[in-house]
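These notes concern the structure reproduced below.
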Amino acid sequence: MRKTPDELRALLVSALADDIVLTRAEDIQRFCTDWHGDVTSGAVAVLRPRSTADVSAAVRVCREFGLSIIPQGGNTGLVLGGIPDQPDDQVILSLGRMTAIRNIDADDFSATVEAGCVLAEVKDRVAEKGMFFPLALGAQGSCRIGGNVATNAGGINVLRYGMTRELVLGLEVVLPDGTVFDGLSTLRKDNRGIDLKQIFIGSEGTLGIITAVSVKLMPLPDQIETALLGVNSLSDVITLYRRARRECCDLMSAFEFMPPIALTLAKEALPDLPMPMESSYPAYVLMEISGSGLVDIADLLQRFLTGVMEDGLVVDGVIAASQTQARNLWLIREGMNEGQARRGPHMRTDISVPLSRLADFVRDAEQAVREALPQCLSVSYGHVGDGNVHLNVLPPSGLSREDSSAMIYRAKTVVNEVVELYKGSISAEHGIGRLKREDFEKGLTPAHRALLTGLKQAIDPFGLMNPGCQLNFTAGS
């Protein structure tokens, strides 16, 4: 006979340590609500292990009781990958208490940290040793390294340092039967067969629970130059990027583009934020170059900007004269996201297209949205260096939730059709989760689907790990 949620809670409490299991609705609520507050679910319980051994024990107990597990880091995901969709049969396993930094080795340029470490804390701790971990996200004060790895997070430094996948040296993972896979090597070169850690990076907790990570470190940059530039068009932004890529080479760490509405949205969210330019321009670039040692970064940026302004590629610009000013420039980029959220529910996309076609894609996708939904506002921005554009669509204010949802669904359909024409991806850095599963599955070829389901069947045959995320997998299929 199937057990009730109350019976399952009692079994969990009796099988695991008292302080590991949360069962009261008021205690688990925050774990069951997504980052933006759009979706709230429930769970049989929230498990909060303190160690890898605790995670292993929890997985074995859940398997015995037939409970599915939703792994969760900082709950900052944007695609509902960490939110239950069957609350009477699922538990959330939060890694938030596993925060040990096991080792920082400046000579080896590596660190080994537990999955629950907050990204900003990792960056700060390695900086104390004169080292740099380059993963940088708007949510770095809340997101956790295990979740970053499980979603293969991107962020603003991808063009120089790559996605999270390229920063991971080794993993420790608890498998669906409770077995611990210890792959915490810090070797740069290890060609002993298939690189198993890659299976779990980007898997969003569907194959196992990442409990610790070994990562690459770099020398801490002691020179950072940040500039906000006014440009005449998105096409000029792409031309500017190509030139910056050649002239600034691998010292360029960020190159973001924003539309004029970005400054308005940032000001709505952060009224006291100073605006760096008096005039408005059709497009903006937020650029950063950094380095250490003998290279003169400030001189490099000055010479680059002198050339592009003389050639008319950049119309106006400001260089941050202090860390505070640099932070204020980045707050425009971060504040525009909060400004969009304050305007209510809206469509958020995470699209990648070939870099050479980014400007054309934005033009065609925004035109398609205008034709289908003329009352909506499109806001396109993103990471030029890796072809990642966030084309968001904001319905007009004052609509009912049902009308807004209908517009968001229509906008998603319209934009995805353009993505398909450009042979792009509907997920550049956020993952698939539950929010994009249907669209993801529609685009799978038979061979792609067979490989994914075969991998899931081999590692998690009972479908206990994050069911409903990425694939609609049926146990035993």
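The values are calculated or read from the model by the stated rules, or taken from the named source; none is laboratory data. The structure displayed is predicted, hence computed values, not measured ones. In this analysis, Cβ positions are derived from the backbone assuming ideal geometry, glycine residues included, and neighbour counts consider all displayed protein chains. We work out accessible area using only protein heavy atoms, side chains counted, and drop any ligands, DNA or RNA first. Shrake-Rupley method; radii C 1.70, N 1.55, O 1.52, S 1.80 Å.
Quick notes on this structure:
- For the stretch 84-158 versus the stretch 237-307, the gap between their alpha-carbon centres in whole angstrom: 27 Å
- Extents of the stretch 238-325, taken as max minus min of Cα coordinates on every principal axis and listed largest first, are 41, 28, 18 Å.
- Relative contact order (%) - the chain, alpha-carbon pairs under 8 angstrom, separation at least six: 15 percent
- Cα long-axis angle, helix 234-247 against the chain (0 to 90 degrees, to the nearest 10): 90 degrees
- The accessible-area ordering, largest first, of the residues Phe257, Phe462 stands as Phe462, Phe257, per a 1.4 angstrom probe.
- Here the stretch 362-477 exposes an accessible surface that is 56 percent carbon and sulfur, computed with a 1.4 Å probe and the other protein chains kept in place.
- Taking the helices alone, the chain has a mean residue ellipticity at 222 nm of -10500 deg cm²/dmol, built from -39,500 (n - 2.57) per DSSP H run of at least 4 residues and averaged over all its residues.
- Most to least accessible of Met275, Met465 (protein chains only, probe 1.4 Å): Met275, Met465
- Angle between the chain longest axis and helix 446-459 axis [Cα atoms, degrees, rounded to 10]: 50 degrees
- Pairs from the list Lys197/Lys423; Lys216/Lys456; Lys129/Lys216 with a Cα-Cα gap above 25 Å: Lys197/Lys423; Lys216/Lys456.
- Of Asp18, Asp105, the residue with the largest accessible area leads and the full order is Asp18, Asp105 (1.4 Å probe).
- Phi angles across the stretch 62-69 convert, under the Karplus curve 6.51 cos²θ - 1.76 cosθ + 1.60 with θ = phi - 60°, into 3J(HN,Hα) values of 5, 5, 4, 8, x, 9, 7, 10 Hz, Gly and Pro given as x.
- Classification of the stretch 214-280 by its C-alpha gyration tensor yields an oblate form. The axis ratio a/c (a ≥ b ≥ c) is 1.5 or more, and b/c is at least a/b.
- Shape of the stretch 1-106, Cα gyration tensor, a/c cut at 1.5: oblate
- Axis angle, to the nearest 10 degrees, between helix 401-421 and the longest C-alpha principal axis of the chain: 70 degrees.
- Reachable aspartates and glutamates, given that their alpha-carbon falls under 17 Å from the alpha-carbon of Lys189 and they are not under 8 places away in the same chain: Asp107, Asp108, Glu166
- When you filter the trypsin sites (Lys or Arg not before Pro) in the stretch 385-455 for DSSP loop state and at most 11 other Cβ atoms inside 10 Å of their Cβ, you are left with Lys423.
- For the chain, the solvent-accessible area of protein heavy atoms averages 44 Å² per residue (probe radius 1.4 Å; ligands and nucleic acids excluded).
- For the stretch 141-286: rounded, prolate or oblate by the Cα gyration tensor [a/c cutoff 1.5]: prolate
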